[in-house]
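**Student:** Before I ask anything, let me first share the structure, which is written out below as structure tokens.
A short reminder: the numbers here are calculations on the coordinates, not readings from a lab. Predicted, not measured: the structure shown is a model, and the values here were computed from it. We place every Cβ from the backbone using ideal geometry, glycine too, and count neighbours over all the protein chains shown.
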């Protein structure tokens, strides 16, 4: 399984407004319910069934229909798990943590590629091609966010760009 993570400081020096954990959590929870305004390539995101700690959602992503279980562990983590029988099954986490006085947001993307041996150079190359701009991926993953969600996604976009990554298209 290919995996990549990125951790960002939500409130770097000189950036305004300074966000609280509750504000970041509210943005992530809202994005989990409807990611269409944020995720490039996602054209549909509908909640199919509510669960005690989350929900199942049906999404259309890059022309592919997917079903994902979303687990909300407030105010720390959102876990997105694709149904295991899908060819590119995998998961994504958005985790809020602290490092000293800094509020940190970590995105982790993990996916299997059909027909590609796990742990192989081919797997790494395919994953890198989807996540690293130097390997051909030049489009931001997150769309300009709607009001209220903008600070969380702006922090993510700002950090991705500073690190030379513009998207992880998993």
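**Student:** Cα-based Rg (one decimal) and Dmax (whole number) for the stretch 1-85, in Å?
**Tutor:** Every Cα atom of the stretch 1-85 included, Rg and Dmax give 14.5, 46 Å.
**Student:** Turning to a different aspect of this structure: Does the stretch 51-126 come out rounded, prolate or oblate by the C-alpha gyration tensor, with a ≥ b ≥ c the root eigenvalues, rounded set by a/c under 1.5 and, if not, prolate when a/b is larger than b/c and oblate if not?
**Tutor:** Taking the square roots of the gyration eigenvalues as a ≥ b ≥ c, the stretch 51-126 is oblate.
**Student:** While we're on this one: So if we plug the beta-carbon distance of residue 16 and residue 128 into 1/(1 + (r/R0)^6) with R0 = 41 Å, what FRET efficiency do we get, rounded to 0.05?
**Tutor:** The formula returns an efficiency of 0.75 here.
**Student:** Another question, then. Using a 7 Å offset from the Cα along the Cα-to-Cβ direction at both residue 1 and residue 50, what is the distance between the two label points in nm, to one decimal?
**Tutor:** With each label point 7 Å from Cα toward Cβ, the separation is 2.9 nm.
**Student:** Between residue 120 and residue 74, what FRET efficiency follows from the Cβ-Cβ distance if R0 is 45 Å, with the result rounded to 0.05?
**Tutor:** 0.75
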